[in-house]
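Structure record follows, encoded as structure tokens.
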Amino acid sequence: MTEPAPRLMLLDTASLYFRAFFGVPEIKAPDGTNVNAVRGLLEFIARLVTDYRPTHLVCCWDNDWRPQWRVDLLPTYKAHRVVAERPGESPDVEEVPDPLEAQIPIILEVLRALGISVVGADQHEADDVIGTLATDAGMPVEIVTGDRDLFQLVDDEAQVRVLYTARGVSKHERVTGEVVRAKYDVEAHQYADFATLRGDASDGLPGVPGVGDKTAATLLGRFGDVPGILAAAEDPDSDLAPGPRRKIKDAADYLAVAPTVVAVVRDLDLGPVDALLPRTPRDPDAVVELSGRWNLEGPLTRVVTALTGPEDS
């Protein structure tokens, strides 16, 4: 039998289990625990593995959903999502419904029994894990997320694309460099600077006042990136109109730090990562036990079937 060509799928796991929690009707385990996020995530994995047949898959994890080093640079970063602040090294508490919070340990236990790799990095978000694993992966990469920030990782030459789930996993959009250009009139590698300039309320990025999508794209088309735009604003001989020049100069302090906040880290030391997707569950007995305990029979059956893959011809 011919071995399939290697393909890596990277899941923005929190993005998917949040979507499952809010999109799947409440379903109870025998002990009364709501398990809709667990079931929904498993259904997503079964569908994605069946449709794309990755040979490698990683559930990328938010060890710190709001890293302090990003907050130090830009205090507004995700500030609207904080429900409690923790001093020191502990991550701030994100606004997560209690019925979802209770399901996260179950998700980890089920993924462990299946043998699906879960990878996080202290003081970093899942986005940074995704960025590191997607860079120089040596195989085509599909990034599954509802977060537009990860459009910056799209690379047609390296065969890195995003499966964008904003309208649902079953209606996801395949985002390539051409799609980014058509939507935003910038290159994919410019998307982080584009978001920096126009702002993004969902991440607490204020943007440059008076600079929207069109102006941001025009500036990046002419000057390449934020440092190039800042240099043009400071150069009296540059071909930059007075209005945009003043807006950029007034926002210079923000533009000095925001690109670092928005840029996905691509060089984390993650140590050895076993991303190979198992063909059978790592711990079949645990899968059976968890299936009964948490009312996961249908979704787990579909995941195991997806792992096994199509019958040999």
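Given the conditions (1) under 27 Å from residue 272 (Cβ atoms); (2) among the polar types (S, T, N, Q); (3) part of a helix (DSSP H, G or I), report the number of the one that residue 63 does not fulfil.
Failing condition for residue 63: (3).
Out of (1) within 24 Å of residue 257 (Cα to Cα); (2) crowded, with 21+ Cβ neighbours inside 10 Å, the odd one out for residue 148 is which?
(2)
Of everything in region 129-179 that's acidic (Asp, Glu) and part of a strand (DSSP E or B), which residue is farthest from residue 266 (Cα to Cα)? Before the answer, list the steps.
Kept after step one, since they are acidic (Asp, Glu), are these residues of region 129-179: 136, 142, 147, 149, 155-157, 173, 178.
Now narrow it down to the ones that are part of a strand (DSSP E or B): 142, 155, 173.
Values: 142: 16, 155: 14, 173: 24 Å.
This residue is 173.
Test residue 126 against the criterion of being modelled with pLDDT of 95 or more, among the aliphatic types (A, V, I, L, M) and in contact with a Leu (Cβ under 7 Å, 6 or more places away or on another chain), and give yes or no.
Details: modelled with pLDDT of 95 or more: yes; among the aliphatic types (A, V, I, L, M): yes; in contact with a Leu (Cβ under 7 Å, 6 or more places away or on another chain): no.
Criteria not met by residue 126.
From 274, 283, grab the single residue that is within 29 Å of the chain's Cα centre (by Cα), assigned by TED's automatic domain parsing to the domain that holds residue 180 and loosely packed, with under 13 Cβ neighbours inside 10 Å. Can you show your working first?
Values: 283 fails: loosely packed, with under 13 Cβ neighbours inside 10 Å.
The match here is 274.
State whether the residues of region 231-239 include one that is more than 30 Å from residue 32 (Cβ to Cβ) and either touching a residue at least 60 places away in the same chain (Cβ under 8 Å) or crowded, with 19+ Cβ neighbours inside 10 Å (or both).
Within region 231-239 (the criterion being more than 30 Å from residue 32 (Cβ to Cβ) and either touching a residue at least 60 places away in the same chain (Cβ under 8 Å) or crowded, with 19+ Cβ neighbours inside 10 Å (or both)), the answer is yes, since at least one residue qualifies.
Any residue that is at pLDDT 95 or above, in the same structural domain as residue 174 (by TED's automatic domain parsing) and of a type in the set (Asp, Glu) - is there at least one of those in region 82-95?
no
Residues are listed down the side, and each one gets a yes or a no for (1) modelled with pLDDT of 95 or more; (2) of a type in the set (A, V, I, L, M, F, W, C); (3) in a loop (DSSP other than H, G, I, E, B):
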| residue | (1), (2), (3) |
| --- | --- |
| 181 | yes, no, no |
| 186 | yes, yes, yes |
| 189 | yes, no, no |
| 195 | yes, yes, no |
| 214 | yes, no, no |
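Of the conditions (1) under 12 Å from the mean Cα position of the chain (by Cα); (2) surrounded by 18 or more Cβ atoms within 10 Å (Cβ to Cβ), residue 114 satisfies every one except a single condition; which number is it?
(1)
Of the conditions (1) outside any loop (DSSP other than H, G, I, E, B); (2) farther than 16 Å from residue 97 by Cβ; (3) small (Gly, Ala, Ser), residue 37 clears all except one; give me its number.
In the conditions (1) outside any loop (DSSP other than H, G, I, E, B); (2) farther than 16 Å from residue 97 by Cβ; (3) small (Gly, Ala, Ser), residue 37 misses (2) alone.
Only one of 240, 255 is of a type in the set (A, V, I, L, M), in a loop (DSSP other than H, G, I, E, B) and over 21 Å from the mean Cα position of the chain (by Cα). Can you tell me which?
Result of the check over 240, 255: 240.
Inspect all residues belonging to region 261-269 and state whether any of them is modelled with pLDDT of 95 or more, more than 28 Å from residue 181 (Cα to Cα) and among the acidic types (Asp, Glu). Walk me through how you get there before you give the answer.
Kept after step one, since they are modelled with pLDDT of 95 or more, are these residues of region 261-269: 261-269.
Then keep just the ones that are more than 28 Å from residue 181 (Cα to Cα); that gives 268-269.
So of that shortlist, the ones also among the acidic types (Asp, Glu) come out as 269.
Checked against the condition, which is being modelled with pLDDT of 95 or more, more than 28 Å from residue 181 (Cα to Cα) and among the acidic types (Asp, Glu), region 261-269 yields at least one hit.
If I filter region 206-230 down to residues being exposed (fewer than 14 other Cβ atoms within 10 Å of the Cβ) and touching a Pro at 6+ places or on another chain (Cβ under 9 Å), which single residue comes out as nearest to residue 76 (Cα to Cα)?
Among those that are exposed (fewer than 14 other Cβ atoms within 10 Å of the Cβ) and touching a Pro at 6+ places or on another chain (Cβ under 9 Å), it is 210.
Quick one: in region 117-128, which of the residues that are in a loop (DSSP other than H, G, I, E, B) and of a type outside the set (A, V, I, L, M) is farthest from residue 278 (Cα to Cα)?
Of region 117-128, the ones in a loop (DSSP other than H, G, I, E, B) are 120-125.
Adding the requirement that they be of a type outside the set (A, V, I, L, M) leaves 120, 122-125.
On the way: 120: 20, 122: 26, 123: 29, 124: 27, 125: 25 Å.
Among those that are in a loop (DSSP other than H, G, I, E, B) and of a type outside the set (A, V, I, L, M), it is 123.
Can you say whether residue 181 is closer than 23 Å to residue 260 by Cα, basic (Lys, Arg), surrounded by fewer than 22 Cβ atoms within 10 Å (Cβ to Cβ) and touching a Phe, Trp or Tyr at 6+ places or on another chain (Cβ under 8 Å), as far as the supplied structure shows? So that I can check it myself, show each step before the final result.
Working: closer than 23 Å to residue 260 by Cα: yes; basic (Lys, Arg): yes; surrounded by fewer than 22 Cβ atoms within 10 Å (Cβ to Cβ): yes; touching a Phe, Trp or Tyr at 6+ places or on another chain (Cβ under 8 Å): no.
Judged against the criteria, residue 181 is not a match.
Listed residues 138, 177; which is at positive phi and outside the structural domain of residue 244 (by TED's automatic domain parsing)? Walk me through it before giving the result.
Values: 177 fails: at positive phi.
Answer to the check: 138.
When residues of region 23-33 are filtered for being in contact with a helix residue (DSSP H, G or I) (Cβ under 6 Å, 6 or more places away or on another chain) and either of a type in the set (A, V, I, L, M) or closer than 25 Å to residue 120 by Cα (or both), how many remain? Please lay out each step first, then the result.
Restricting attention to region 23-33, the residues satisfying the condition of being in contact with a helix residue (DSSP H, G or I) (Cβ under 6 Å, 6 or more places away or on another chain) are 24, 26-27.
Checking the rest, the ones that are also either of a type in the set (A, V, I, L, M) or closer than 25 Å to residue 120 by Cα (or both) come to 24, 27.
Matching residues across region 23-33 total 2.
The values are calculated or read from the model by the stated rules, or taken from the named source; none is laboratory data. The model shown is predicted, which means the values in this text are computed figures rather than measured ones. Please note: Cβ atoms are built from the backbone with ideal geometry, for glycine as well, and neighbour counts cover all protein chains shown.
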